[in-house]
Structures are given as C-alpha cells and as structure tokens.
1. Within the group VAL386, VAL394, which residue is at pLDDT 90 or above and surrounded by 14 or more Cβ atoms within 10 Å (Cβ to Cβ)?
2. For the structure I just gave you, tell me whether PHE372 is of a type in the set (Phe, Trp, Tyr) and modelled with pLDDT of 90 or more.
3. Restricting attention to segment 126-158, which residues are of a type in the set (S, T, N, Q), in a loop (DSSP other than H, G, I, E, B) and in contact with a helix residue (DSSP H, G or I) (Cβ under 8 Å, 6 or more places away or on another chain)?
4. For the structure I just gave you, tell me whether VAL311 is assigned to a strand (DSSP E or B), crowded, with 16+ Cβ neighbours inside 10 Å and over 18 Å from the mean Cα position of the chain (by Cα).
5. Checking the conditions here, which among THR294, THR275 is surrounded by 15 or more Cβ atoms within 10 Å (Cβ to Cβ), of a type in the set (Val, Ile, Thr) and over 20 Å from ASN233 (Cβ atoms)?
6. Does LEU332 meet the test of being surrounded by 18 or more Cβ atoms within 10 Å (Cβ to Cβ), of a type outside the set (Val, Ile, Thr), assigned to a loop (DSSP other than H, G, I, E, B) and touching a helix residue (DSSP H, G or I) at 6+ places or on another chain (Cβ under 9 Å)?
7. Please count how many residues of segment 276-302 are β-branched (Val, Ile, Thr) and over 15 Å from the mean Cα position of the chain (by Cα).
Amino acid sequence: MTRIRAVLVMCAASLGASAFGASPDPKDLAVPPEQLSKAREAVRRLGSEGYREREDAQAELAKMGRVAKQVLNEAVLGDADPEIRLRAGRLLPKANAADLAARIETFMADSEAKFEHDLPGLKIVRKQLSAVEKEKVRALYVEILKSPYNMEMFAAMDKGIVEGGRAVGDRRNTLFAESQGQRFNGRVPSPPRQPTIVDIAALMFAEGQIPSENIPKSAQWQWMNSSYFLQQNPAMQTLTGTGQTHSEAFKAIVRQWLVTRTDAMELSNLYYQLTQPALKQFPEHLVVLRRVVTTDGVQGHAQGQALYLLVQSRGKEEIPFLKTLMNNDSMLQQVWFGKPNGQAEMHNCLMKDAALASLISLSGGNIRDYYFDTPNNVGFNPGGPVGIGQYAFVTDDKRAAGFMKWGWKQLKDNIDGPLPKDGVKPEPKGTEPKPNPMPTPDLPIKPGIKPGIRPLPAPVPVAPLPVAPAVLPAAPPVAAPAPIK
C-alpha cells in the first residue's frame, strides 16, 4: 500500500468520528503560532542523546496530530539529523490523515458552499460541473470522499495527467477485477462486487479530465475501458430512471465523458451503446458517432454501423458530413456475393463507397444505377439509409464509373437545379410580367388590365405618306448660253 493510500485509509476511518459542529470556514483550521513552536521543540528532541527522551517526543507529536503536520513535513524534507528525519517520517502519514479528515469535516459543515476548500479534485469538480446545482454536486462529492481509493485517484489527478493517468488506470482495473472476482495487483480474489454509482461517477469524471493516451492499459485486460461500467445496472438506472440519487450530477459527468472519448478501442466498443435511449438523450452522442466513423484504428464494422446510424437518425442533415468522406479509402468490411454454382465472391466496401451509397439514396436515387452490385438483389428504399454489407463495387472500373456519374449529376444539379419529385421542371424565370416600379394613379380598372401593371399606350393615328411615282418625270431642257460678243 502506498503512503498516500495509507493516509487516505486512515482519513476515511476517522470521518466516522467527526466532531459535531465543526466550523465551515477553512481559515479556522490554521494552527496557532504557539502550537507550531511546541511542535518544533518536540521535533528537536527527536534527535536527543537519550532514548527515553526521543520516545517521549515522538509520543507527544503523535498526540498533537494535524497540528504537527507542517513541522513534521519540514523535518522530513530538510533536517540534517537522520534520526529526526526517520522518526518524523513515521509520524507524518497519521498527521496528514488527521489534517485531511479535518478539512473534509470543514467542507461538510459548509452546507451553503460559501468557502473555498483545499480538497482532492474539488476545484476541478466545481469547474466542470458548474451547470449542476451546487448542493447536488456537493452531495456526490461527499460520497466520493468516503472511499480512500476514489480520494487517492482524485489526489493524483490534481498532480497532473501522468500521475492522474496511472491512478485512473489502476482504479479502472481494480473495479473490473472486483466485479469479476478476479485477482489484480496481487489482491486476493473475493466474491464479485459490482461498482456503485458513486464509484462509476468518480471513475468517469476522472477519465474525462485525463487524455486517453495517458491512461495505461493493463496487459491482462487491454480492451478494458469505462464503456463497460456504463452498461452496468447502477449507471443505466441512474441515466434512465426518475428520482435516482445523484442523477443530475451523473448525467453531467457522462455528457462530459462522451465528448472526451478518443481511444480507438473504446470507440469500437461504444458505438452500440450510442443506439440506446440512455445515451441518445445526449446531443453529444452524435459527436461520438462521427468520431467513430473518422478515427483511425476503429473497427471497420463499428465505423460502418455508426455511419448507418447517423443517416438513419439524421437523414439529409448528414449530407455535409458524408461529403467529407468521399476521398476516404479505408475499408469498412468485406461483402460476399453468392454465385449460381454455390461459391461466393468477396468484395471490399470502402468508406467512400458507403458515403456515396448514402448520398445517392438520400437524393432519391437507386444505387444500382451507379454501378453498385447487391447480393441476391437486395432491395432498398430510396431516401433512407442503406445497410452496410449489402452492396459493393465488384470492380475498380465500376467504382470509378459510379463516382464519375455522381460527379456529373452534381455538376448538372448545380447548373439546372435538382429535378423536382414530380419530374416536371418549372417554367424558366422571367416569363411573368413584372410589376410597374413607377407609382400609378388610382384609375378605374378596365377589363382585361391587371391592377398594378402599366397598360400599353393607345395607338396614335398616322397620316399615310405619299407614294413615290414608279418613273420620275424628265427634267426640263436647259437653254444654251448666249454667244459672247
């Protein structure tokens, strides 16, 4: 057992005997200067020449409890006398436990949450669960503090993602071992014990603060993650039932936990749970489904099913997401096509194939018109999702032709607009008469004239022009000039 765990076990044991009427203000826990001086004098006598004097000083410091914590810590870290460091080190865990128990007692007395308290993970809890009523957060946190193992995990979480990750991995595996009655970290197997909702909440909250890559996996249970505990009855009942203890705070923890999932193995296991009402109540489940589809290392079957669920529940709203997958060459799964001779052919269905099939169906088209083949002529309902594993391109040439045909359709739709469902294109715009932009006087409306439209002016009579003769008359003869005399 580590020193911190020993401290927390002693702290948990002392909580049952908390003094009645503790002050809710942490400032009241400050040690008076005279008590510190007394503790320093006793620490000095730990290095006395006489054995009995050393023993008496040690007993005196033990009785002082949390009052001697600061002085004992200083002695362990900096005293030049090895005897003093040794004896102070033996006393320090109990003093730390007493100090932590006093701080927890003060926190419990602060029923209106007026003060700041220095407790493991409390600042992170209050920050991350700020949307939940303070009293409900406080009630769950008090229950978490009653377990020294949960407290140890929260204390490690305060020290950073490295120590926090190790503590989370250890706690996760311990809870699983207890639920299976198996040995872990040298602990003797016992009858199976299912985790409580408080244990699950504490673990999932800590996992939401530590990146997945910083949580080491046990060689014994590489696949183990918190999605397992989310399926247990305490979690399901708290998420779906009414009036369950810690329901509101636990839902806030699950919501935060969902959006922080990045581990490929965990996402592979999680996709099925996202179809259940317990998790579908959170809008964040859509974020996780898309992450299942796009994360490298997730099982292809899980990716395909997650894509199907998105299209099934959201329909055309997922078209922008589907378009981002049109260049994704990762393989979802292999599709088998039966042959008349009883044999079968295997063909690969890629991520971009599934995206194209969904886009075709959502546009009201038939995937067979785009060179997809289906085993045993499976039928589809245009406009909805198409089941993964029920179609594939049997050759690369058909795949290229299918994508090219879809590209031409998109180009045509961008120019002409998509064809309406009734198959009849509307008349070209601009054939209707335009309203007169100039104001017109309120004149009586004559038959055949639409209101608001400027009428054409009446024709003006024009006199006919004289018709030119067909042959022009000859010009009169010009007289010759008189001779010059």
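1. Just one listed residue meets the conditions, VAL394.
2. Against the criterion (of a type in the set (Phe, Trp, Tyr) and modelled with pLDDT of 90 or more), PHE372 qualifies.
3. Of everything in segment 126-158, just one residue is of a type in the set (S, T, N, Q), in a loop (DSSP other than H, G, I, E, B) and in contact with a helix residue (DSSP H, G or I) (Cβ under 8 Å, 6 or more places away or on another chain), namely SER147.
4. No.
5. THR294
6. For LEU332, the condition - surrounded by 18 or more Cβ atoms within 10 Å (Cβ to Cβ), of a type outside the set (Val, Ile, Thr), assigned to a loop (DSSP other than H, G, I, E, B) and touching a helix residue (DSSP H, G or I) at 6+ places or on another chain (Cβ under 9 Å) - is not met.
7. Result for segment 276-302: 1.
The values are calculated or read from the model by the stated rules, or taken from the named source; none is laboratory data. Every value quoted in this text rests on a predicted model; they were computed, and no experiment measured them. Methodologically, a virtual Cβ is constructed for each residue, glycine included, from the backbone with ideal geometry; neighbour enumeration extends over all protein chains shown.
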